[in-house]
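The numbers here are math on the coordinates, done by the rules we state, and not lab data. All values derive from a computational prediction rather than experimental measurement. Ideal geometry is used to build each Cβ from the backbone, glycine not excepted, and the neighbour counts take in all protein chains shown.
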């Protein structure tokens, strides 16, 4: 269990460092909700303090609808207004997004 705890500590440290870097470029804070699930932990190299694992990261943050709608087709706008899910394949090209990663250190 200590490997999982150390992995979560590294993840938290990395996300904190990233958020500080982002805040230095922007005056507006964006609260990002992160859900991390370690699906499987494989081989553990205790000498180098590394491990193999499969993980799933989900993140979400609020986006103002007025900023999002102009880049969407009419069909996607209607689905979003109705409260349905839409795919935002090109979202990262035009908007800020959380650049999350897991560092195995």
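The simple Förster model, with R0 at 35 Å and r as the Cβ-Cβ distance, assigns residue 104 and residue 79 a FRET efficiency of 0.40.
Using a simple spin-label model with pseudo-atoms 7 Å out from Cα toward Cβ, residue 30 and residue 54 lie 3.0 nm apart.
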